[in-house]
1. Which of the strands (runs of 3 or more DSSP E) contained wholly in the stretch 152-200 include at least 1 residues that are within 16 Å of the ligand (Cβ to nearest atom) and more than 40 Å from the chain's Cα centre (by Cα)?
2. From the set of residues in the stretch 105-136 that are charged (D, E, K, R) and over 16 Å from Leu224 (Cα atoms), which is farthest from the ligand (Cβ to nearest atom)?
3. How many residues does the stretch 167-198 contain that are closer than 21 Å to His131 by Cβ and at pLDDT 95 or above?
4. Those residues that are hydrophobic (A, V, I, L, M, F, W, C) and part of a strand (DSSP E or B), I need them from the stretch 206-225; list them, please.
5. So Gly99 ticks every box in (1) under 30 Å from Ala372 (Cα atoms); (2) part of a loop (DSSP other than H, G, I, E, B); (3) modelled with pLDDT under 80 but one. Which box is left unticked?
6. With the condition being in contact with a helix residue (DSSP H, G or I) (Cβ under 8 Å, 6 or more places away or on another chain) and in contact (Cβ under 8 Å) with a residue 60 or more places away in the chain, I'd like the strands (runs of 3 or more DSSP E) fully within the stretch 107-148 carrying at least 1 qualifying residues.
7. Could you list, ordered by first residue, the pairs with Cβ atoms under 9 Å in which the first is in the stretch 359-373 and touching a residue at least 40 places away in the same chain (Cβ under 8 Å) and the second is in a helix (DSSP H, G or I) and surrounded by fewer than 16 Cβ atoms within 10 Å (Cβ to Cβ), at least 6 apart or interchain?
8. Can you confirm whether Arg162 is without any contact (Cβ under 8 Å) to a residue 12 or more places away in the chain and either of a type in the set (Phe, Trp, Tyr) or over 20 Å from Leu230 (Cα atoms) (or both)?
Amino acid sequence: MLTEEQSKEFLEAMKGLQEGQKLTAQALTKQLEAQYFQAKIMQRQIRRASAVARWYLAAASVAVVTLVSIAQPFMPKNQSAVEVPEGQISSPAFRYFQGETLKKGDSLGAYQVGDIVGMRTDPFNGEQRMHNGVDIRTPSGTALHAPGAITVACKEETGMGRYAEFTFNDRRILLGHLQSCVPGRANTGDTIAYSGNSGKRTTGAHLHFEVWQNDQPQQVTKSLAEAVVLNQQLPNLRINGGTYQGLSDEQNQVASAYVSKGREMEMSDREITIALMTGLQESGLKNLTHGDDWWFAKWGWGKSDSLGSLQQRDSWGSRECRLDPACAVELFYNAMKKVPNRDAMSLNDVAATIQRPAAQYRGHYAKHENKAREILSRY
Ligand SMILES: [Zn+2]
């Protein structure tokens, strides 16, 4: 039996134990709670971190897209680094609309230039009025000539009198106050009219010369006036050596070598066109002394052993030959002769078969066909 004293002690001890257990349980609960909150915080941090990561990812892709679009103009589009300017090559007549324009007081051969395009004091009522042409003081009966192949319409109007109208290089041209006019088709240099003094708005024999483009009156260039009034045409485009604007001297020399070598080897116009298309694509008809790899062109280093206007690699022939347009194109024509059935293939495919470019460039020759034809027609 326990004494009362002992029982009391025992109960105290039990109580103390219970208290201790209670405290332990509480401590455990607190610890669990703390871990729970810790976990919660970590979860939130992870979530926030992944949101940030997603944002970084999005920002990075935007940056990449932006950089690529900024870099695009400097990246190689294809193997050709040089482009012949579009439009300039469409017609040789464009040359008559470039260069110096006539000014009041200029001499055109024996004739003087009067008023040009612009506001002027009207000779009839003294008011400010737009003058849409250039006056050239030619005596009645001065022969006027076609500046190119044109079709002339002869018309009449109160103010301008008899006038000739024709389109030349997309410009509308009117020659006014004529004595007479020859309608119909005319070739370069043909007489299309005689200047005179017809119509009411003239104070003496002269040629009123209008050039319209997009419904705007243009000043008249010296070269066009010389062709029409003096029958002095611009130099023949077919000669070699850089008279054809839109192509540099170098490009002209390359093109002319392709054409003359082609004729010498009795290649057809179709086959010469293919050579020109290839040269336009590979080098822009320039005699490149290096490969036109983008890295090489930009930084002077790269892998390519391509050379010349046709960008022929070492296996094609000697360095000297590949850098001589006539020799290079002879290699090209010889390779072309080995393409069976080439007349049944598209021009692009013949070029691609000879050049064997990377797959993604195979179709890139076709876009030069019109330019190539145009250039060929000049020689
Ligand atoms: Zn006038």
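1. On the way: elements: 161-168, 171-181, 184-186, 191-195.
Per the criteria, 161-168, 171-181, 191-195.
2. Going through the stretch 105-136, the residues charged (D, E, K, R) turn out to be 106, 115, 120, 122, 127, 129, 135.
From what's left, over 16 Å from Leu224 (Cα atoms): 115, 120, 122, 127, 129.
Working: Asp115: 6, Arg120: 9, Asp122: 11, Glu127: 15, Arg129: 11 Å.
Result: Glu127.
3. Here the count works out to 12.
4. Taking the stretch 206-225 first, the residues hydrophobic (A, V, I, L, M, F, W, C) are 207, 209, 211-212, 220, 224-225.
Matches in the stretch 206-225: Leu207, Phe209, Val211, Trp212.
5. Exception for Gly99: condition (3).
6. On the way: elements: 118-121, 128-131, 134-136, 143-145.
Passing ranges, in order: 134-136, 143-145.
7. Close Cβ pairs (under 9 Å, with a partner that is in a helix (DSSP H, G or I) and surrounded by fewer than 16 Cβ atoms within 10 Å (Cβ to Cβ)) amount to Arg373/Asp269.
8. On the way: without any contact (Cβ under 8 Å) to a residue 12 or more places away in the chain: no; either of a type in the set (Phe, Trp, Tyr) or over 20 Å from Leu230 (Cα atoms) (or both): yes.
Taking the combined requirement at face value, the residue does not satisfy it.
The values are calculated or read from the model by the stated rules, or taken from the named source; none is laboratory data. Treat the numbers as computed from the prediction; the structure is a model and nothing was measured. Reconstructed Cβ throughout: ideal geometry from the backbone, glycine too, with neighbour counts over all protein chains shown.
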